[in-house]
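Below you'll find the structure, written out as structure tokens, and then a few comments.
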Amino acid sequence: MSTSKTMRAVRIVKHGGPEVLEPTEVPVPTPRAGEVLVRVSSVALNNTDLWTREGAYGRPGDPKALSGWRGPVGFPRIQGADVAGRVVAVGADADGGLVGRRVVVDPAVYDAEGPDANPVGLMGSERDGGYAEYVTAPVERVHDVTESPLTDDQLAALPTAYGTALGMVERGRLREGETVLVSGASGGVGLALVQIARARGARVLAVSSGSKIDSVREAGAHRVVDRARDIAGQIRAAAPEGIDVALDVVAGDLVSEGLPLLREGGRWVIAGALGGHDVAFDVRRLYLHNAQVIGSAMHTPAHFGLLMDLARQGGIRPVIAATFPLDQAARAQEALARREHVGKIVMHP
């Protein structure tokens, strides 16, 4: 397949507000050995886009330092972790049979080879991403989903949100029949958690705002707690015997209020800090009850493989809240930041 020599892209040249998103024309990247070139059909937005743009991740020993997902951002940087598209070219040592295939890109940069490697970087932060007409990716991170019944928009919604959710579910060792608490349930990761936990056979208790409760219930939650009211009291009423696993993207006060609600041997899995990253809790609630607090950053290669199996089977159906053209990336990120939507926001190059 032939490609042009230049492409439209949106990049950041410094940290800041939506105004630093810069529509531009840049050369189409050339796939290196072991890489493929993907024509982007859809790219989904994530909170990490906002926080990388703002430099909000901090660094070990300096929590207020401007930083990308795992360190300083090399500017200019094309944002966008979540890509669905078609392979149009391959570099040396890459499988030429992928050309023309519909694919999803695993956006993680891993610390090692093997199925249980940890993510230490992210496309759109540590390497250029999908806010563009084309993007390169290592061939081992490209998954053929040509036969999936999902749309390109739904496929693009999967990598970060559903990958993060599946990583949380796996690290939390969620089992059929257990009661699970999902915080931030109307967001991209939250809805993914609700759908995956329900598919695992868990009883799903979700936390959401009043205006979004019906949408969260439609996604599969058995009970929905209104976050504007006494959350701990509502959880006690809905699950008087306690919860087995908490899948938490909010943190903040919810951790200190919620830990006493864990059953013996319960697991509290945290993959976000929408409610604040400074957390205080009574450590006795951990060691006296054999409970665990588990950090979960995205997924492993094995988790992502499981996710792609679900995508090929159509076993999950991401909700698309809105779509924007690429040149309206600033508007799209502003819509994401307002958090008035349910599901995922997607852009089309």
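The table for this structure:
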{"item": "Conditions (1) under 22 Å from Ala192 (Cβ atoms); (2) buried (at least 16 other Cβ atoms within 10 Å of the Cβ); number of the one not met by Leu259", "result": "(1)"}
{"item": "Matching residues, the range 35-61, being surrounded by fewer than 18 Cβ atoms within 10 Å (Cβ to Cβ) and part of a loop (DSSP other than H, G, I, E, B)", "result": "Gly58, Pro60, Gly61"}
{"item": "Enumeration of residues in the range 73-101 that are assigned to a strand (DSSP E or B) and either free of Cβ contacts under 8 Å to residues at least 60 places away in the same chain or of a type outside the set (Lys, Arg) (or both)", "result": "Ile78, Asp82, Val83, Ala84, Gly85, Arg86, Val87, Val88, Ala89, Val90"}
{"item": "Looking only at the range 209-234, and only at residues there that are of a type in the set (Asp, Glu) and not in a loop (DSSP other than H, G, I, E, B), the one that is most open to solvent (accessible area, probe 1.4 Å)", "result": "Glu218"}
{"item": "Which listed residue, of Gly265, Gly272, is under 23 Å from Arg229 (Cβ atoms) and either in contact with a Phe, Trp or Tyr (Cβ under 8 Å, 6 or more places away or on another chain) or not hydroxyl-bearing (Ser, Thr, Tyr) (or both)", "result": "Gly272"}
{"item": "Condition check for Ala197: under 23 Å from Gly177 (Cβ atoms), open to solvent by less than 100 Å² (accessible area, probe 1.4 Å) and not in a loop (DSSP other than H, G, I, E, B)", "result": "yes"}
{"item": "Qualifying residue in the range 264-286 (condition: surrounded by 19 or more Cβ atoms within 10 Å (Cβ to Cβ) and either part of a helix (DSSP H, G or I) or hydroxyl-bearing (Ser, Thr, Tyr) (or both))", "result": "no"}
{"item": "Filtered residue count, the range 131-144, keeping only those that are closer than 18 Å to Tyr162 by Cβ and surrounded by fewer than 20 Cβ atoms within 10 Å (Cβ to Cβ)", "result": "1"}
{"item": "Positions within the range 7-29 being surrounded by fewer than 14 Cβ atoms within 10 Å (Cβ to Cβ) and either in contact with a helix residue (DSSP H, G or I) (Cβ under 9 Å, 6 or more places away or on another chain) or part of a loop (DSSP other than H, G, I, E, B) (or both), in sequence order", "result": "Val13, Lys14, Gly16, Gly17, Glu19"}
{"item": "Filter result (under 29 Å from Tyr57 (Cα atoms), without any contact (Cβ under 8 Å) to a residue 60 or more places away in the chain and open to solvent by 20 Å² or more (accessible area, probe 1.4 Å)) within the range 238-256", "result": "Asp253, Ser256"}
{"item": "Residue within the range 174-184 that is within 15 Å of Arg267 (Cβ to Cβ), assigned to a loop (DSSP other than H, G, I, E, B) and among the hydrophobic types (A, V, I, L, M, F, W, C) present", "result": "yes"}
{"item": "Residue list for the range 110-130, filter: of a type outside the set (Gly, Ala, Ser) and either free of Cβ contacts under 8 Å to residues at least 24 places away in the same chain or open to solvent by less than 50 Å² (accessible area, probe 1.4 Å) (or both)", "result": "Tyr110, Asp111, Glu113, Pro119, Leu122, Met123, Arg127"}
{"item": "Which listed residue is open to solvent by 30 Å² or more (accessible area, probe 1.4 Å) and under 23 Å from Met168 (Cβ atoms), from Arg32, Arg70", "result": "Arg70"}
{"item": "Enumeration of residues in the range 159-173 that are open to solvent by less than 10 Å² (accessible area, probe 1.4 Å) and touching a Lys or Arg at 6+ places or on another chain (Cβ under 9 Å)", "result": "Ala161, Val169, Gly172"}
{"item": "Any chance Ala65 is without any contact (Cβ under 8 Å) to a residue 12 or more places away in the chain and either within 25 Å of Ala271 (Cα to Cα) or assigned to a loop (DSSP other than H, G, I, E, B) (or both)", "result": "yes"}
{"item": "Some residue of the range 33-53 being acidic (Asp, Glu) and free of Cβ contacts under 8 Å to residues at least 60 places away in the same chain", "result": "no"}
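The values are calculated or read from the model by the stated rules, or taken from the named source; none is laboratory data. Everything quoted here is computed from the prediction, not taken from an experiment. Methodologically, a virtual Cβ is constructed for each residue, glycine included, from the backbone with ideal geometry; neighbour enumeration extends over all protein chains shown. Quick note on the areas: whole protein, heavy atoms, side chains included, nothing else; ligands and nucleic acids left out. Shrake-Rupley method; radii C 1.70, N 1.55, O 1.52, S 1.80 Å.
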